[in-house]
Each structure stands twice: as C-alpha cells, then as structure tokens.
Amino acid sequence: MNLKKKLIEVALPLDAINKASAREKSIRHGHPSTLHLWWARRPLAAARAVIFAQMVDDPSAHPDLFPTAKSQEKERQRLFRIIEDLVQWENTTNETVLQQARDEIWQSWRYTCAENVDHPRAKELFDRYKLPAFHDPFAGGGSLPLEAQRLGLESYASDLNPVAVLINKAMIEIPPKFAGKPPVNPESRKDRTLFAGKWHGAQGLAEDVRYYGKWMRDEAEKRIGYLYPKVEVTPEMATDRRDLKKYVGRKLTVIAWIWARTVKSPNPAFAQVDVPLASTFMLSTKPGKEAYVEPVIEGGGYRFRVKVGKPTNTEVAKRGTKSGGSHSTFLCLMSGTPMPFEYLRSQYRAGRTADRMMAIIAEGERGQVYLTPTAEMEAIARSAKPEWKPDVDICHWPGRTNVVEYGLTKFGELFTPRQLVALTTFSDLLEEARERVKHNALDAGLPDDGCRLHAGGTGATAYADAVGVYLGLSVGRSANYWSSLTPWSGDFIGQTFGRQAIPMVWDHAEGNPLSTSTGNWGGALVWIQKVIDSALPAMHGGAAVQGDAQTQSISTDRVVSTDPPYYDNIGYADLSDFFYVWLRRSLKQVFPDLFATLAVPKVEELIATPYRHGSKKKAEKFFLDGMTQAMHRLSEQAHPAFPVTIYYAFKQSESDVAS
C-alpha cells in the first residue's frame, strides 16, 4: 500500500492554533460547550486543525509537484494559512473558509485513492467518491466528532458514559436528521412568510426548542409559581435604607435567596442555637454598590439584617463566620468558639444541621436590590414538598466528592426541597411538551411513521423526541445552577461545578427559575438555542453510541482522532451521575437503552481510581492495561491511509524532566 505522509507528521502552525484555542475559552454565546456541561473539552480550533492536518498530505509526499525543499516549504506555508483561517472562531460557520479546507482534504484523498487503485480492498478503502468516516472512541464533550463533521466527514462518536453520548447525539446525530426543516410550532406557522422561508441547518429545530421551552416555563409558573413569590418592600424595610424608599409598596421579582448552612453551637451556653456557616457576609463588593449581611445578636439568638454601603470592617465581613482564609474552619457566631471540620462532620452525621436564609436579592430598576430576609419568604421556601428525588449514591472519592464526608451521600440531598420541586416539575413538563410537538408537527404536515428517534425515525414522533432531547439538556443544565452547592458570586449565581469536583459549599444562592435574571430556566434555554442555531453543522450525517473503547469495533476503516482520559485527572462517571439522574428521569422514554441503568457505568471506566480498585497500584494497572488494549484496537482498526491522532496531557514534572 502506498502511504502518503500527512501534514501533521511534518509540521503545524502551533502558535496560531494555540492562540485560537486560548481565545476560545473566553467565547460563550453560541459555543458548543454551552449546550451542556462536560469536563475537559478539547478546543474546537485544535480539533479542527488536527483533523485537517491528519488528512491532508504534506507537500513532501508529492515530489512530482514540489520537487525542491523550497517549493515544498512554500506549499506548506499555503496550507498553514488555510489552518490559520480555519481555527478562528469567527470562521466556525464561514462556508468559504470551511470549503477551502474540505477541498484540500478531498484533493489529498483522491491522490491516495489513485495510488492505491490496485489494493485488494480498494473498493472498500479507497473510494475516490466518498471520504472515509470519522470515529472518536472517547468522545466526551464531542469537540472532535463535531469538527470532523464540519470538515465534511460522516462522523461517529462513542463513549462509555451515557451523558457524553447524549451530548454527542445532540451535536452530530440529531441536527442532520432534521436539517433545513421549518419549525412546527403554531406561532411560527402563523407567519406564512416566515414558515415558507428557507431554514438553514438546524434553525427550525432551534426555533421549536425556544417555543416549547417557553411553554414549559409558562406552564411551570402556573403550577409552582406560588413557591416563587415576589417580595414586597414595606415601609419598615426602608426605615434605615434610603435606597429602598422608591420601592416601598412595590413587589419585586426575586433573583435569589441566600442561605447559610447551620450546626448546633459547640458552646454549652448556646447548645440549642443553630449557628451559621457563612463563608462571607458580603453580597456585593462593586465600588459604590457594596452590600452585606450584618448578623444581629439578641435574645439568646441572632437575626440577619442586610445593609448597603461599605461595612465598618470590610475584612471581617468578607470572612463571614470563618476563622481565617477561604480554607479555614468556622467560629461560633454566638461565642467565637472554634468549630473544626471534624466537629462539623460529626454534626452532619448526627443530623444536627439545618439552614437559615441570610438575604434576598431582587430585580431593581437599575440593578440588584438587596433585602433583609423575611419570615414569610423563609416559610414559603420550607413549604415545598417534593414528590420525588434522586436516590442514587454519591461515590466517595476523597478530595473530589467531599460532600459525602458531611453526610450528603445521595444526589437528592444536594438540592433544597424547592429546587427538587422545580426540577421535577420541568422534567415532568418535558413529556407534555413532546406530545405538543408531535401534535403540532402533524398539523404542519410532517409525515409520521410512528418510529421513535432511538429506532431511527425521522417523522413527527421522532421530531418530537428530538426537541425533547434539547429540553432535557436544559433540565440538566438547570440542575447545575439549581442545587445547594451554588455560591453567590457577587452579581450572579455560580454553578455547582466550578471545578471538576463536588465540594461542600456552606452558603449558597437559591435561584428563581421563573425570573429573567441569573440562573433562570429561560437563560439555560437561550444558551442551548444559540448552539443549535449557529454552531452545529447539521450535515453529512453522524451517530453517537454507548461503547467501551477496549472492545469497540466502530473504528474499523475510519479516520480516528481521540482525547482519552488522563490517568486519574477527572472522575467522569462519578461526577456525571449528578446530571444523569435528571436526564434519565426526563429522557428515559426517548432513549430507553441509553438510560437503562440507575447510574452511569463505572466498573469499566478507564481512569485510575484507587478507591474503586482497592489500591493505587491496582488502579494504575487497571488503567494501563485497559488503555493499552484500547490503543491496540485503534492501531488495528483505523483506516490505514491516515495516522491516528491522540491528545495527551502531561504533568508539569514530566515537562521539567524533559527540558
């Protein structure tokens, strides 16, 4: 077989690729990473460049066309310029730039086919009219399969983790099935000009996700709106707050309620007092807009009062009830008695914990309004009675899932009762929305074969499933902001996964899913809609399946590029159970096989987890043996005309030694 040396085997414009990849981290709106959280995604720029370079011939492979080193370098620089354009975020949907890259891939492919016309498997391996398909056996967040599809390849993704598979289905499998179709919702169909217009890619699908997602929000307000009332500003509230005078008598939409966990005081004199574990009392540190919580000790207990302006002692307010920096333990608010972490753990194990509302943050005329908590608001929050909560155990990986050490051993315990009611309500509404989509699709004239999406359907039933997938991802995305592990970050609600772990969070912001501010349902929906509308190629077909990289055969005769797990860097299965429990509840009917198990499969996961395998040595052997087997399969199965590209992250110590 005649093999051509590929560009990636000789040189790459690394500076341009690295610069574009670094810049990509700051790009949010419309970026595929905002479809749903996944850890350690590869930058689209790097993925696009690597796949292009592993498929395009290096000029030295064509001495007949480029006989001298000088002519080869000149041609190489031309290819570099294509890559430099290709990696720019602005060119993600630039068809002129993309088509130039596709043309280069096709040209190299035809050269390869012509030189292997006598190969015994030429008909299968070297069809000059059809590019080989692509496969990533560790698909994860889907950057590589997505960019392969964007470059014109039929794309396949597989992963052991069902959450990763779902994300890949949403990016490469579903959009091509319904590309170019108009939306089916009645609002869009009323505008005949709009309905009859040309809908590119998955724009019609995106519009339906927006419409039915809004319907879910409005319906949720009817069912659970009583749990999210507006807060009325009373004359009493404005007594010492000049900033509240203009709001007196008005009802403001709540953005978030700030809560602190509590434990019993270790001081015998205050043994019955639930003292707060507040990492900070500052609500806003913006110059000129400072706001903070002031604890008022009285009558053998305490209450919280919210004030604006700079506190008397800013450093003390920033520290909350902590004894020092961010990693320090807490002090009893009533007595100043130290409360070491072991004491906190013992309190949680004994069930002697609770929570206390510290502040209310509402929507004002020109920004946020900070209010003292009211007994009514706290009572309404405590009145929520969830009918379901996820009962899946949280795997204890020391240093990664520290909530377990404090007695939070099941995923359902990571949410407040009101958050559980909200998430289950939106999850239940998804099936109702799916039925509405199907009914409207039939009215719009979409044929129906009665076949579900998981069975390969493309009619009204499958389309309803497709819209449901993105609404389900919105439920998962919302869970990331609707847990009791979301900190208040000064003017927005932080996400549960601020890092690749499930750490204990002592005070949290409980968002209002029905508001139009941070952490709301509509916001999650907008992020998803923008990705579908503008970042997914919706072309050339694709499929995502659940599969073990050690035993899969999907890579056979395909171009392979993959980003395997890095030893023990991220516990994907343990962390993704957080999302899986909600996605399973919402989408089990859409993908029954994908969500067949109660939790994400863990036994076969290729990472080195000592707690799972009994020791560090056994975990390392499991990882190395499994990864060796997976790499052997890729070596044996991948298309022989192309090198396999594998991403590898190394530790700084390895870099230091190498240098």
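The values are calculated or read from the model by the stated rules, or taken from the named source; none is laboratory data. The shown structure was predicted, so the numbers you read here are calculated from the model rather than taken from an experiment. Backbone-built Cβ (ideal geometry, glycine too); neighbour counts: all protein chains shown. SASA here: full protein model, heavy atoms, side chains in, ligands and nucleic acids out. Shrake-Rupley method; radii C 1.70, N 1.55, O 1.52, S 1.80 Å.
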- Query: What are the residues in region 524-573 that are touching a Gly at 6+ places or on another chain (Cβ under 8 Å), closer than 27 Å to Phe178 by Cα, buried (at least 21 other Cβ atoms within 10 Å of the Cβ) and not hydrophobic (A, V, I, L, M, F, W, C), if any?
  - Reply: Gln529, Pro537
- Filtering region 181-214 down to residues that are at pLDDT below 95 and hydroxyl-bearing (Ser, Thr, Tyr), which residue is farthest from Val531 (Cα to Cα)? Thr193
- How many residues of region 581-640 are in contact with a Lys or Arg (Cβ under 6 Å, 6 or more places away or on another chain) and within 21 Å of Gln546 (Cα to Cα)? The answer is 1
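Every residue, every condition in (1) surrounded by fewer than 24 Cβ atoms within 10 Å (Cβ to Cβ); (2) of a type in the set (Val, Ile, Thr), yes or no:
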{"site": "Glu147", "(1), (2)": "no, no"}
{"site": "Gly152", "(1), (2)": "yes, no"}
{"site": "Ala157", "(1), (2)": "no, no"}
{"site": "Asn168", "(1), (2)": "no, no"}
{"site": "Ile172", "(1), (2)": "no, yes"}
- Which of the residues that make up region 347-371 are within 28 Å of the chain's Cα centre (by Cα) and either hydrophobic (A, V, I, L, M, F, W, C) or open to solvent by less than 10 Å² (accessible area, probe 1.4 Å) (or both)? Ile360, Ile361, Ala362
- Item | Answer residue from region 372-399, given it is acidic (Asp, Glu) and open to solvent by 40 Å² or more (accessible area, probe 1.4 Å) and is farthest from Arg223 (Cα to Cα) among those | Asp393
- Message: Can you say whether Thr424 is over 23 Å from Leu205 (Cβ atoms), touching a strand residue (DSSP E or B) at 6+ places or on another chain (Cβ under 9 Å) and of a type outside the set (A, V, I, L, M), as far as the supplied structure shows?
- Response: no
- Note on the structure: Ser576 passes all but one of the listed conditions (1) of a type in the set (Gly, Ala, Ser); (2) assigned to a loop (DSSP other than H, G, I, E, B); (3) closer than 18 Å to Leu473 by Cα; (4) open to solvent by less than 10 Å² (accessible area, probe 1.4 Å); the exception is number (2)
- Going through region 1-23 one residue at a time, which ones are surrounded by fewer than 21 Cβ atoms within 10 Å (Cβ to Cβ) and in a helix (DSSP H, G or I)? Ile8, Glu9, Leu14, Asp15, Ala16, Asn18, Lys19, Ser21, Ala22, Arg23
- Write out, first by first residue and then by second, each pair whose Cβ atoms fall under 7 Å of each other, whose residues are 6+ apart or on separate chains, and whose first residue, in region 468-493, is in contact (Cβ under 8 Å) with a residue 60 or more places away in the chain and part of a helix (DSSP H, G or I) while the second is polar (S, T, N, Q) and crowded, with 24+ Cβ neighbours inside 10 Å. Gly472/Ser586; Val475/Ser586
- Task: Could you grab me the full set of residues in region 586-623 that are among the basic types (Lys, Arg) and in a helix (DSSP H, G or I)?
- Result: Arg612, Lys616, Lys617, Lys618, Lys621
- Scan region 128-142 and give yes if some residue there is open to solvent by less than 50 Å² (accessible area, probe 1.4 Å) and assigned to a helix (DSSP H, G or I), otherwise no. no
- Message: Take Arg418 and tell me if it is closer than 30 Å to Met237 by Cβ and of a type in the set (Lys, Arg).
- Response: yes
- Query: What number of residues within region 312-354 satisfy the criterion of being of a type in the set (A, V, I, L, M, F, W, C), in a strand (DSSP E or B) and either touching a residue at least 12 places away in the same chain (Cβ under 8 Å) or on the phi > 0 side of the Ramachandran plot (or both)?
  - Reply: 3
- Item | Residues (free of Cβ contacts under 8 Å to residues at least 12 places away in the same chain and of a type in the set (Lys, Arg)) located in region 284-311 | Arg303
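Let's see how each residue does on (1) in contact with a helix residue (DSSP H, G or I) (Cβ under 8 Å, 6 or more places away or on another chain); (2) crowded, with 24+ Cβ neighbours inside 10 Å:
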residue: Gly445; (1), (2): no, no
residue: His454; (1), (2): yes, no
residue: Thr461; (1), (2): yes, no
residue: Val467; (1), (2): yes, yes
residue: Val505; (1), (2): no, no
residue: Leu514; (1), (2): yes, no
residue: Gly522; (1), (2): yes, no
